[in-house]
Structures are given as C-alpha cells and as structure tokens.
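Shown next, in structure tokens, is the structure this report addresses.
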Amino acid sequence: MNRFAVALMLAWPLLAASNDTFLLKNVTVHPVTGPDIANGMILVENGRIAEVGPKVAAKGARVVDGKGLHAYPGMIDSATQVGLAEISSVRETVDTNELGDFNPQLRALVAVNPESEHLPVVRANGITTVMTLPFQAGGGGMRGGASTTLIAGQGALIHLDGWTWEDLEVRRGAAMQLVFPSLETRSFRMESMSMARTPFAEVKAAYEKRLKDLTEFFEEARRYQQAKKGGAPGFQPDLKFEAMLPVLEGKMPVMVLAARERAIRDAIQFADKQKIRIVIAGAREYGKTLADLKAKGIPVVASPTLELPLNEDDPYDSAYTVPAELYKAGVKFAFATFNVQFARNLPYQAATAVAFGLPYQEALKALTVNPAEIWGVSDQIGSIDKGKWADLMLTDGDPLEARTQIKALYIKGKQVELTNRHTKLFEKYMNRP
Amino acid sequence: MKHLCAILFSVAAIAAPPTVIRNATILTITKGVVKNGSIVIRDGKIAEVGENVSVPEGAQVIDAAGQFVMPGMIDAHSHITAESVNEGSVSVSSMVGVDDVLNPEDIALYRALAGGVTTLSIMHGSANAIGGKCIVIKARWGKDAPGIVFEGAMPVIKFALGENPKRSGGTPVAQGGRGRYPATRMGVEDVFREAFTEAKNYQAEWREYNEKIKRGENAIAPHRDLKLEPLVEVLEGKRYVHAHGYRSDEMLMLLKVSDEFGFKIRFFVHGLEGYKIAKELAAHDVGVSTFSDWWSYKVEAYDAIPYNAALLMKKGVLVSLNSDDAELMRHMNQEAAKTVKYGGLTETEALSLVTINPAKQLGVDKQVGSIEAGKDADLVIFDKHPLSNYAKVQKVLIDGTVYFDRDKEQSELSKKDARKKALIDKEKQQQQQESPRRPGAARRPS
C-alpha cells in the first residue's frame, strides 16, 4: 500500500464524523492571536468556534480526536482570480478583465464558478478563503479582454466550499479594485513576444492623462452623491456612480494595484484628496512611501515573494526581503499570490519571507488575521477565537513547509474533502494495471 | 595559441590551492548522508568525501558547521542566456542551434547561481515539431560564451508536440496567420515521419558514398544538408532528443514514431501527462522532466498533477524536475520538497529529481549530479536542509571555484549602490555638458 492510501485512511475517521458541532481534542492549537495551546481543545457549535482552551467541556457535542495534530486557522489569499479563471490561455474560461476604464458596478462574486476545479485544489493546502478579483495584470486570457483599465470592479472574499456563489460569500464588495496608472517604460508586446520601450516623456504624458481621468470620475461620482442626497430635480440613478457610493463613504476599501514608489506616492495623495480608504497591492518598490503608509495606517497586500527582482541590477533577493521591510516599517500587510495556478502555494510565499528576515509569527498573521482585519471580517475569520467561523486546518507540522501534510480541513465547521482533480487522477493512474 | 591557452589554463588549475569544506552535513544523493563530514576539492574535482579526510597542506578551508552541502542543482529545461529561442518559421528547424546565441551576461544566469543551480540545459523553443539544437551550460557567471559551455555534454535537439507546434498553423494566411503546416496533432506526427524518411535516405546516400570510397571507387559526395545532419546523428545515437510534450496520446505517438525509425527519445520535457503512460515510458526507457505543480495555464496542462514526478519514479521512469522559467529555477530545492508532500518521496528521492536524475537525462552524470570522488566540484551550501522552505543558499561552487557567496553579496551591496550612483551622476553630468547636442555629435548605438 502506498503512503497516499495510508494518508487517506488516517484522514477517514475525521472525515466520517462530519457536521458542524463537535469538540476537537488532542490538538496543538495555534490561535495566531494568542499563545499556542499544547494538547488543546476547540469546541465548535453550529459552525462557529464556541470555546478554545486546554480543557473544554463537550456539552454533549460529538468528540473528534485530533491525534496530536496541529490546528491552525485556515489561510487567506488576499489576491487571486480563483473561481473566475479556469484555464488561463482560453478566453472562454476566463471572466476577469472586462472591457472599459471604469467598471465599479462589476461584481466578481456573481461570476464565481463554485464547481471550478481550482477550489478543491487550492483548499487542499489549507487555504480556506480567497479574495477573488475582477482584474489580473497581464491576464484575461490570451485573446480579448481589457489589457488596461482603471476601476476594474468589486473583489469578493469567498470561502472555498459551497454549492452556489451565495454559499461561498464571506463578503461581496470586499474591495474596489483600482489599477493605478503605470509609469513603466518597458512593456511586453504580445504580437512580437518581446519587451518594448516607450520614451519616458510619452509614458508620463499618458500617466497624467489617466490620473486626470480618474480624478474626474471620482469628482463626477461625488457630484452624483450630492445630487442624490439633495434630491436634485431630474436625478436619475446611474449604476456606475451608485457602486462608487460605498467607496466615497469610506465603507469599501479601494485595493490599489501600484508597482513603484512614484505610483504609490501618487495613490496616497489621491486617497488623501478623495478621502477614501485604500489598500496598496502588488507593489514591488516602496522607497520612502513606507513611512507614509505607516503614518496613515494604510495596509498592504504584498506582492508575491517568489518573484523576480523588479530591475536588472536589483539584489537577487530583493523580492524575498520586501515582507520583512514592510514589517520593520510597521506597515500591516497580508500575503497573496495574485494568481490562480499557484494559489495553493501561498504558504511558501510566506516561508521565503521568513527565510529572508520576517519573524515567523508575523508571517502567520499575514496569512490569517491581518487579511481578515484588512478586509473588515476579523469578527468572522482569521484566527482561532471564540465567535469566529471554524475555518480550521489540521496539519502534521508547520504549514509553511512544503513537506507538511494537511490532514483535515474545516470551513464554517464543516469538514471538507481534501480530494480534488489531482488526487483523483493520481489514484486512477497509480492503479492502472 | 590555442595550445598555449590550454597549457596556461591547466597550470592555473593545478596551481590553485585545494579547498576543504568542513563540518557539514553532506547530502551526496548517491552515497547516503555524511553527518559532520568534509569534502576535499583538488583541481576543480571532488577528491575525497567522508567523516575523516586527509586535509591537504595549505588547503583553503570553508567551515560549514551546522550547514548542508548538496550537489549543484541541474535544470534540464531553461531558456536563460538564449538571445533568441524559437526559429518558428518552419516546421523543421534542426539547422539552427542555441549555442550561436548565448549571452553569458544575462543576469538570469547569476540568479540561477544564487538559487543553487549550476548546470542548465538551454533549449530551443517549442514552436516547431523539430526544433533547434540545444546546449548544456554551467552557471560560470563572469565567463564568456564558450566559457559557460558544459564541456563533454551530449549534443541535443529539441522536438515539440501538441498545442505549440500546431498553433502557428492554426490561422490560415488569408486570415493573417502564418498558415504553417501542421495545424493538428495528426500533422505533427506526419512532420516527424516525413523528416525521418528524408533523413534515412540522406543517411543511405552518405553510407553508399563512404563505402564506395572505402572500396577505392570513384564517387561524388552527396550534397551536405545541415537540416538532415542532426537527424542522422539522432538515428545513429550521437544526439539526444528532448521532446516537449504534454498529453499522453502525443507522447505515445512519438514513442511509436521513434520505434518505426529506430531512434531514441532521451526524455520528454513537461511530460505533464507522463503519469498516464508510465508503463510505456518505462518500457521504452524514456525519461520525463516535469514541473512540480504548475498546471491549468492551457488546455493540455489541465490534467497536470503534482503527483506526476512521484508516480513516474515509483513506476520506474527516470524523472527530473525543471523550471522552464527564470523565477522558478531560483528555488528548485523547494520544488523538489513538494514531491515529499505529493506522492511521499523520500528526501533523497526528492533531491535526486534536481541532481543526479537530470544529470543522467542530459548525459552528464559522470561529471555532475552527486557528491562523489572524481566528479566536478559543483556544490551548494545551504544554511538549513535544502528541502526546508526556510533554507537559503550560502555558497555555490562550480569546478571548485566559489561563484556565489551570500556573505560577500551582502557585504558588497553598499559598494555596488555607490558605484551605481556614481555612474548615474557621471551620465547626468555628461548629458548636461553635451546639451544642447552639437550637430553630428557621436551618439551611442541603441
């Protein structure tokens, strides 16, 4: 019998006892928000964590033996297109990157395919929640779709288990995605499959024009807001501006994709002027903006750690050290993969950041409680604390190490399958005579 | 002059003092793990490995206490340093070779080195069924193009199946496409059969001619055909075939074509569905060099599974992991670690996927791929076990010379920054002096 079959058999008793009220005992609890509890217990009632501690009364609940495994909160990927994109080269299977510069009315949640093969693949590695986004840089399938946009639409925070996208929802409209104008002079040309360079003066003029367009759109939205409030005569609803209201009211954060220092600085100024809440995402080079981010309490979705240096003459490890720099500067941040096909490797982005200077506990936070706070759902998910959804993974070790196995996974207290397209094909062909 | 250089070079090699790496955990791959061991390096080769070694006098000592040494990693599928990758205008481009377009100053080579990769197979692209000739290199950062070539590696040619070779044919000329044959997997098979039919005829013409000459008869030499010559080398076992393939059906097709014409496929690159035909691959003694877990980026990658490498190994196929990517190549050890999770390989089995196995596939296992006396001293020193995601490369040696040193890299950062600033300032100054630009002033070529 191969090791895989043994692993399945070990997982079986856990899987067989599945409903959303139970007492999990004999686990090392890693709440993330507090100290670890050796040989601890977690009581789950109706999918939520009712109690955590060294000794918890079962109150009649079914008892599940955790067999000495480790319990961590499920991980959160703060930028993906999971559920929206299936096979990246086939446009028909990709629902990111709508046409048009201003699409605040678009809602990622309604286009999420709950049957996507990616959901069970990603969650099998302990990721229970993702932010799925309407725009992917360089994405949208190889043909069609907007390659540039400004306001891409509303990202949705989803659980990776459910029958419909309504089941999956943790928070629709968790963030408005803004693709900040870019000052890149080098760009990849699909037609020639090569890098092309545009003169800086040209790029700068285009950049300023885009910034002006963006400002005008916000100003128009604000006029709409005032007209609506004041009951202006002849007022007519407009879906785009209507969708901007939660942003203008500070209820919905704007996730700003910006790569370099200059764009981050301009984005911060823009946010100040527009009095909106922003989250900087995917930046590669912060420079002096770190102090501003810290002072203004602007959080960050870190660009993937396992990425090439931005510039040819950057140190080889420049992408590896960014999370440690964010931490040292006191900026709150979360990890993300910005991707579908590598989304399951989220914990390894964190591991490399630890190897290059980020304290381990901070890495765990940036996978769990930090994103929960950034997206305004820390009362729901992100740690093993009373009142939150029981999004739990049971592991045989440190989840940031690739060699560690995820033995069981719970989403809203319900045990979910760890099998997926990959395990099924493996089993099928392992047994080929 | 050539001889003189060779003599000077060998004198320099002999004159270099021996090196000893001490107090390390040595992951030899082929001969177990040596705890608290030492490696003696002489003339660029591993001279001795063990707990107790005889340290030569005057040896340069690298203290690796608490650290791990493994063989330099080998990436059997890369395109770094290649200034161009695809000669995609024709379906058979065996006359071109990547060795003509190597750029040893590509920063990716240094980044590979910093990730512990010392040997790479630089491949032609996959735009055509029969692609160009490939070249195996070592990451000898700082050397010129001939200086990075792996001496003694087997010549290689790239073949390609499936979506990529048929893509160019997908759009007819009338609709703005290239309209290049083939546009289907059927056509891809035909390209191989046509080309090898031609190559066999060509081989026979030369054979006939050579026999006549041998017999002392008068004969006119056939026209030399640079396209068919590499294919004859394939038929004669003098050139390896590395075939890009995704789906099991297309790989099986090429196995059958190779049976028909009597040549060998050395290994499939990608081979993402290799696990479906492990039996046939093992029976043909054909290897697979695959990704750890990359999938779903195109239709033929939709059945890719992270268990591919482990399953193939368990079913007796020689398998390695590769990157095909300038970022992925920087953490091949982490890619190997995933096979412990997906399929339950042992630590040595996992590490063999990025060391001795690709060495065998590239035909350089006599020189590299494990830590054994007599092999090239291509070594990586990690601060932790290389299968840990927290492990960092500390030093990389190629032929016994330290090519990467993290401490040195760190300590020189400020110096490099200062130098960069000075260069930028100088350029700004020059620009100020030059402007307004004098008519006819020399401009740099762009």
Task: Relative pair counts by distance (%), Cα atoms of chain A, 20 Å bins - done: 25, 55, 19, 1
Task: Most fluctuating residue given options B:GLU194, B:GLU250, B:GLU217, as computed from a GNM of chain B linking Cα atoms under 10 Å - done: B:GLU217
Task: Rounded to the nearest 20 debye, dipole of the protein assembly as shown from Cβ charges on Lys, Arg, Asp, Glu - done: 980 debye
Task: Over segment B:73-366, relative contact order from alpha-carbon pairs under 8 Å, at least 6 apart, % - done: 18 percent
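With a 1.4 Å probe and every protein chain left in place, work out the accessible area per residue of the protein assembly as shown in Å², rounded to a whole number. List each step's numbers first, then the result.
On the way: 37470 Å² over 879 residues.
Using a 1.4 Å probe on heavy atoms only, each residue of the protein assembly as shown averages 43 Å².
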- [ ] Kindly flag which residue pairs out of B:LYS375/B:LYS395; B:LYS314/B:LYS360; A:LYS296/A:LYS328; B:LYS314/B:LYS338; A:LYS204/A:LYS240 have an alpha-carbon separation exceeding 23 Å in this structure.
- [x] A:LYS204/A:LYS240
Task: segment A:37-142: GluC sites (Glu not before Pro) falling in loop per DSSP and having at most 12 other Cβ within 10 Å - done: A:GLU115
- [ ] Determine the equivalent ellipsoid of segment B:73-366 by diagonalising the alpha-carbon gyration tensor, then write out the semi-axes as square roots of 5 times the eigenvalues, largest first, rounded to whole Å.
- [x] 31, 23, 20
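With a 1.4 Å probe, what is the total accessible area buried between chains B and A, in Å² rounded to the nearest 100? Kindly include the intermediate steps, with their values, before the conclusion.
Values: alone 21920 and 20330 Å², together 37470 Å².
Using a 1.4 Å probe, the pair buries roughly 4800 Å².
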TODO: Please report, as a whole percent, how much of the solvent-accessible surface of the protein assembly as shown comes from carbon and sulfur atoms (probe radius 1.4 Å).
DONE: 52 percent
- [ ] In a Gaussian network model over chain B where Cα atoms closer than 10 Å are linked, find which of B:ASP75, B:ASP63, B:ASP407 has the largest mean-square fluctuation.
- [x] B:ASP407
- [ ] Once you've got the Cα coordinates, tell me which of B:LYS31/B:LYS315; B:LYS138/B:LYS420; B:LYS143/B:LYS227; A:LYS424/B:LYS315; B:LYS238/B:LYS366 are over 24 Å apart.
- [x] B:LYS138/B:LYS420; B:LYS143/B:LYS227
- [ ] Please give the residues from segment A:317-350 for which the solvent-accessible area of heavy atoms, probe 1.4 Å, is smaller by at least 20 Å² with all protein chains in place than with the chain isolated.
- [x] A:ASP317, A:TYR320, A:GLN341, A:PHE342, A:ARG344, A:ASN345, A:TYR348
Task: Sites B:ASP43 and A:ARG186 - FRET efficiency at Förster radius 56 Å, r taken between beta-carbons, to 0.05 - done: 0.80
Open item on the list: Between 0 and 90 degrees, rounded to the nearest ten: what's the tilt of helix B:248-261 against the longest Cα principal axis of chain B?
Closed with: 70 degrees
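Given an 8 Å cut-off on Cα distances and at least 6 residues of separation, report the relative contact order of chain A as a percent.
It comes to 20 percent, rounded to a whole number.
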Open item on the list: Check which residues have an amide H placed less than 5 Å from B:ALA82's amide H, if you skip close sequence neighbours.
Closed with: B:ASN103
- [ ] Report the FRET efficiency, 1/(1 + (r/R0)^6), for B:ASN36 and B:LYS279, where r is their Cβ-Cβ distance and R0 is 45 Å, rounded to 0.05.
- [x] 0.55
Task: Complex-versus-alone comparison for segment A:407-432, residues with a loss of 50 Å² or more in accessible area, probe 1.4 Å - done: A:ARG421, A:HIS422, A:LEU425, A:PHE426, A:TYR429, A:MET430, A:ARG432
TODO: Taking the Cα centre of chain B as origin, work out the dipole magnitude from +1 charges on Lys and Arg Cβ and -1 charges on Asp and Glu Cβ, in debye rounded to 20.
DONE: 820 debye
Open item on the list: Using the Cα centre of segment A:345-397 as the reference point, and only Cβ charges (+1 on K/R, -1 on D/E), how large is the resulting charge dipole? Debye, rounded to the nearest 20.
Closed with: 20 debye
- [ ] Could you work out how far the C-alpha centroid of segment B:196-269 sits from that of segment B:359-387, in angstrom?
- [x] 32 Å
TODO: Quickly estimate the mean residue ellipticity at 222 nm for the protein assembly as shown, helices only: each DSSP H run with n ≥ 4 gives -39500 (n - 2.57), and the total goes over all residues, rounded to 500.
DONE: -9500 deg cm²/dmol
Open item on the list: Compute a Gaussian network model of chain A, connecting alpha carbons closer than 10 Å, and tell me which residue from A:ILE381, A:ILE37, A:ILE151 fluctuates the most.
Closed with: A:ILE37
Open item on the list: As I understand it, the dipole of the protein assembly as shown uses +1 on the Cβ of Lys and Arg and -1 on the Cβ of Asp and Glu, about the Cα centre. Which of A:ALA111, B:VAL364, B:VAL380 lies farthest toward its positive end?
Closed with: A:ALA111
Task: Computed lengthening from B:ASN23 to B:ASP259, 0.36 nm per intervening residue step minus Cα-Cα distance - done: 79.9 nm
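The values are calculated or read from the model by the stated rules, or taken from the named source; none is laboratory data. The shown structure was predicted, so the numbers you read here are calculated from the model rather than taken from an experiment. For neighbour counting, all protein chains shown are included, and Cβ atoms are generated from backbone atoms with ideal geometry for every residue, glycine included. What goes into the accessible areas is simple: the full protein's heavy atoms, side chains included, and nothing from ligands, DNA or RNA. Shrake-Rupley method; radii C 1.70, N 1.55, O 1.52, S 1.80 Å.
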